[in-house]
Amino acid sequence: MIHSAITDKNGRYELKSYMLDKGQWMKVTIPDDEAKLTLKAEDSDMLEHKNSDFDRTNYKTSELPELVRDKSLDTIGCGLIHPPKIKTETVKLHVGEESGEAAAKGLATSDHPTVFPELKYLELQNDVADVDNSGKVIGKTTGKIKAEVTTTNTLASTDQAIPEDTVKAEYDIIVYGNIIYNKNHADVTGEAPKDNNGYYPSVNADGDDADTDKVTVLGAGTMKRSGYVFKGWNTQADGKGTMYTKGNTFKTGTLDKDVELYAIWSLIWTPMEIPTRDVKVTKTWDLLEGHTIPVNEIQVELFKDNISTGKKLTLNEANNWTVTFEKLPVSATLGGANHNYTVKEVGESGSAIKFDNKWFGVTYAGTMKDGLTVTNKEKLPWTPMEPPTRDIKVTKEWKDIQGNNAEAPVEKIEVELYKNGVATGNKLELTKDNNWTATFEKLEVADKLGSTNYYQYTVKETGESGNAIQLNNKWYGVIYGGTMKDGLTVTNKEKLPWTPMIPPTRDIKVIKEWKDIQGNVKEAPVDKIEVELYKDGVATGTKLDLTKDNNWSVTFEKLPVSATLGGENHNYTVKEVGESRNAIQLAGKWFGVTYTGTMKDGFTVTNKEKIPWTPMEPPIRDIKVTKEWKNIQGNNVQSPVDKIEVELYKDGVETGKTLELNSGNNWSGEFKNLEVADGLGSINYYQYTVKEVGESGNAIQLAGKWFGVTYTGTMKDGLKVTNKEKLPWTPMEIPTRDVKVTKTWELLEGHTIPVNEIQVELFKNDVSTGKKLTLNEANNWTATFEKLPVSATLGGVNHNYTVKEVGESGSAIKLVGKWFGVIYGGTMKDGLTVTNKEKLPWTPMEPPIRDIKVTKEWKDIQGNDAEAPIESVEVELYKDGVATGKKLELTKDNNWTVTFEKLEVADGLGNINYYQYTVKETGESGNAIQLNNKWYRVTYDGTMVDGFTVTNREKLPWTPMEPPTRDIKVTKEWKDNSENSIEAPIDRIEVELYKDGVATGEKLELTEDNNWSGEFEKLEVANGLGSTNYYQYTVKEVGESGSSIQLAGKWYEVSYSGTMKDGLTITNKEKNSWIPPYTPPEIPYTPPYTPQELPFTPPTSTYTPLETQPVIDETTYVNVEKEWEGKELDSINITLYANGIAIESKTLTKSENWKYTFKDLKTYDDEGNKIEYTIGEEEQQGYKTEITGDMEEGFRIKNIEIPKEIPKEPEVIQYKKIPKTGFVNSGLYAEMATIIAVGIYAVSVFKKKKY
């Protein structure tokens, strides 16, 4: 034991100790825990030996007492040692890779002048990584673990070692994986985004998930693909894995390799032009003896596949009665079925035409290739030409609730005639006096003389909507029956009255509490705050003020419990206005915001003051950018231009921020105040890079020279853009190649090549180019695709060219009744080979088929099984959302179950474009159907594999709503050729009403007695209750043709003006001496036959089930901001239009800072065309409105207060495309605003009554 230890003034130790034996160590720790005093008993021959970190001072003194065991020691050596310290670094290693030795970079510190501590790495085997004794690490799977390294003091390698002085240190091993973004196609230009983060699963000090394996998906970077739209990223190259879009997050978990995400592209256009053809047309005349051509010119109209194109050409003596329709598309799609072009002589009807009071038969001959011929053969005067007509009788019946005959509740009703489901405007009045019977007379049987396209006539009771009508305050169901031959019957059956039910409401109380840092109640720092109500997680826009005056307590009142009666309850919550991420700044202080409570007991919003030093602003950084100029040898040179621009990219995506670098700023600039990460405290750090504007493929042309562009540096030290001049001969054109294609035949014994020629189509990177070549015996069944680009960009990834035989499907083709397998071989370098190998006749070639079972279920109002109300229903089969026309009848006899059999699985043998089959109940519209005077909700369940179930569940009875109507005034004006008003040349004229450009048959007579003014009354505003498909009504003067009319021997120019709201004006302006183009009169004819009677078929719905509607994934948004000049109103209504059609409305208020964003808007329509969005505003009395901006920049609506009287009926101002000053369009869109208001009101009342 040490008895004492004394240090003299020189720091030497005088010791008194008892040692048991020679060579024995004893040690004492100095109080600082850093050094240790060591003692060792030795013989006298050790006097001069130095054996520690410090020179030992040896003492020989007679004053030392004797040691035990009868042997005294001459000397005692003493000294100080410092235990070493170990410093290590975290080992970061990519999964699947291995480090060098001593990867932790362990370093032991020592004060010994000659002897250094020896490090020893402890071996480790783990699922994440292995470590050997040299410190080499092998990464196996992603994760974070700890390993150890040890050392001993500096005496460890001598005979004075002290084993217990071993030192140990830990170090972290992180094995990470990367996210690799793959362009997925060789023809993609630009760069995929780069994610520089390493991802691995780990936990923090508290044991919670550290989210170090959480990935935030990047956008498209600078990638572009001609003809395609970027859809997002997928875990599989074929798009069948998990789909992600920008901003989505996912956890990698444990990985044994990098995660690769593949860009998914959607084709939006065909990069080839469809070939065209010219079609020549010649007119010939076959005249009676002595007669001459009766006209100076005629016109022919072009038809495509029997449908008019509207294109017309004039034939006359000057062009030798010959013209040519030029550049007509051969087909609708590249390689599709060819169009059939024909012509028709304008004015010809039933193969006859009248010129100069003479009739001519018209015949058509020729081909598209050789030209078409139109021959007019003069007829003898007696040829009859009048088409047949028919009469249709209509009878009205009245029934009470039990279905018995009843007295009529009104004096009269009106029925309108429909032709092929379209209103004609032709109406009849049925009354008690005419025994509730009337007849539509002299109706055309077909669309032309001799045609078998017979018109289908039906009727509709005026005022009826959804097979219901209100008469004398009672509701009647309207039923249509009968045939055109026997007459049509309209039956009105009285409905049971009912009491509407309103969904219940609730009140929700909200209380505000204020807390200081310690959680004690404190005074509010502000006079008031606002809370906004949320319904099912979506802001409602309803806000309330909480103040000291209302004791910081308010109530949201009369909130609907559910959307529909008995439906799922809404979940209401609140949010303090201005709060973000549960924090808000008030009066210069930060408060944490917490929400507690329930809808029943009320919500409490607590603001607790935060400690002042809590940082609330996210960090920012500045990034310096420097430009350098190099010559071909790499030496610094003068810049060839005065300035360049660099653009900032964030995570590989353009930010739109640019800097100008020039000699004035020493070719240096700085992007300032850039966000470091995507949120306060986030470790998702942004990666900023730059790109020189105009650079492509790391090359740019400046002042006629080409420069290579390289980017170096870091965000911390600054980024450097270097332009190094390229040699003048550097080729900039992409090289090309030729690809030869050869056809070979493998035939059965004795058989010969079955065709004279075949075609092959060229594919680039598995995508059709549209280029085709013909192979035949004349070219030895060999052809070459020439000058094909080797790659998309200079030095880029090479294209892979392949071919496909036109007509081949599933590696098989049928030629002249025989099947051949198609095999593709060869290379682009040596040439491609297409081999047709004849198959044995028994080889099956029929594509697979499937059966689909359909079952009908009936439910009552409560959802219990119920008896069917009718004997049978029909379901129609839809393929990819399109009606097939195939229908099956379900009845009690077949247990309400049927099967559609032998349906094609896909669109070709071996094809994976599988058809999606669905069904729809015939007569169902909007998921509802009326059966036996009751309404049923129709739902569809099941799959093609398990079968579909169509469920009809009875609805509560309801009272239908009448759709809105409008009146349109029409006025006639008479002008001379100097625009002066004149007396009318005749007593009366007639005008006909047109709906959406189609004649309705409804006419008005304008005379001097009615002041040349009349009104079309009670016109339907839209095509259904609540619909926004508003009808556009116009008029046409009866007898007018080509904007001209002859009255009392004079010709007048006819013009139309006005709006549906303000009325339409027809102006007849007298013309100077003028000869009009000839319009032939109606042709008289009596048919030699009786047309076949067609059965009555009520109009059917063209509704397509929602689940089969096509979806376009890409979305956009439109910002709107309101500005006032003068007094502000409480609110204003705005409407969003897509391609001119109203789709959404919003009320702007001051509490929302007069701003709003329409979100999740479709970017493209179903045909891939970009949608144009515009904004309209409901006009207010006393204000002028200006709208500026566009859908990219956002719209600004400015209301200017004016002392001017404004019409009472609200109008809609709609902004047109990108005028910078804005203007008001008060025509059609003014009408639409009124209709929207009426429609919204009607729908709201409808919902209340329905439930």
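Observations on the model:
- Gain upon complete extension [Thr292, Thr333; 0.36 nm per residue less C-alpha separation]: 10.2 nm
- Remark: the stretch 675-796 is approximated by an ellipsoid whose semi-axes, taken from the C-alpha gyration tensor as √(5λ), come to 53, 23, 9 Å, largest first.
- Cα-centre dipole for the stretch 505-603 with unit charges at Cβ (Lys and Arg positive, Asp and Glu negative), debye to 20: 100 debye
- Entries in Lys814/Lys902; Lys354/Lys1050; Lys804/Lys1170; Lys442/Lys1061; Lys493/Lys955; Lys344/Lys972 that, when Cα-Cα distance is taken, lie over 25 Å: Lys804/Lys1170; Lys442/Lys1061; Lys344/Lys972
- Rounded to the nearest 20, the size of the Cβ-charge dipole of the stretch 849-954 about its Cα centre is 140 debye, with Lys and Arg at +1 and Asp and Glu at -1.
- P(r) tail, the stretch 225-328: Cα-Cα pairs separated by more than 22 Å, 63% of all pairs.
- Remark: relative contact order (the stretch 1140-1204) = 22 percent; criterion is Cα-Cα distance under 8 angstrom and separation of 6 or more residues.
- Taking amide hydrogens as placed 1.01 Å from N in the peptide plane, the amide H of Val790 sits under 5 Å from those of Thr736, Arg737, each at least 5 positions away in sequence or on another chain.
- Spherically averaged projected area in nm², based on the convex hull that wraps the Cα atoms of the stretch 456-516: 9.4 nm²
- Computed over the stretch 178-269, the alpha-carbon pair-distance distribution with 5 angstrom bins reads 3, 14, 23, 23, 16, 9, 6, 4, 2, 1, 0, each value a whole percent.
- Both the radius of gyration and Dmax for the stretch 812-877 are 26.4, 74 Å, in that order, over alpha-carbon atoms.
- For the pair Asn1010 and Asp851, label points projected 7 Å from Cα toward Cβ lie 6.5 nm apart.
- Full-extension gain in nm, Thr363 to Lys558, via 0.36 nm per residue minus C-alpha separation: 62.7 nm
- For the stretch 333-345, 3J(HN,Hα) per residue [Karplus equation, 6.51 cos²θ - 1.76 cosθ + 1.60, θ = phi - 60°, Hz, x = Gly/Pro]: 10, 4, x, x, 5, 5, 5, 10, 9, 9, 10, 9, 6
- Share, in percent, of DSSP beta bridges within the stretch 965-1070 that are antiparallel, nearest 5: 85 percent
- Close amide-amide hydrogen proximity is noted between Leu471 and Tyr476, each under 5 Å apart and 5 or more residues distant or on a separate chain (H modeled in the peptide plane; Pro and chain starts excluded).
- The stretch 818-953, relative contact order [Cα under 8 Å, separation at least 6], %: 26 percent
- Extension gain from Thr109 to Asn662, taking 0.36 nm per residue of separation minus the Cα-Cα distance: 193.9 nm
- Antiparallel beta bridges, as assigned by DSSP with both residues in the stretch 178-269, represent about 75 percent of the total such bridges.
- 24 Å tail of the calculated P(r), the stretch 276-378, as % of Cα pairs: 24 percent
- Contact order for the stretch 178-269, expressed relative to its length and based on alpha carbon pairs under 8 Å spaced 6+ residues apart, stands at 35 percent.
- Long-range amide H partners of Gly826 with built H, under 5 Å: Thr833
- The alpha-carbon atoms of the stretch 798-843 define a convex hull whose volume equals 77 cubic angstrom per residue.
- For the stretch 965-1070, the normalised intensity computed at q = 0.15, 0.16 Å⁻¹ comes to -0.63, -0.70 (log10 of I(q)/I(0), Debye sum over alpha carbons, equal scatterers, no solvent).
- Debye-formula intensities of the stretch 620-725, expressed as log10 I(q)/I(0) at q = 0.15, 0.22 Å⁻¹, are -0.62, -1.20 (one equal scatterer per alpha-carbon, no solvent).
- Charge dipole (Cα centre; +1 on Lys/Arg Cβ, -1 on Asp/Glu Cβ; no other charges) of the stretch 438-530 amounts to roughly 200 debye.
- Calculated FRET efficiency for the pair Ser1055/Asp447, C-beta based, R₀ 22 Å, to 0.05: 0.10
Computed from the coordinates by the stated procedures, all read-outs in this text should not be read as laboratory data. Keep in mind the model is a prediction, meaning the values are calculated, not measured. FYI the Cβ positions are ideal-geometry reconstructions off the backbone, even for glycines, and counts take in every protein chain you see.
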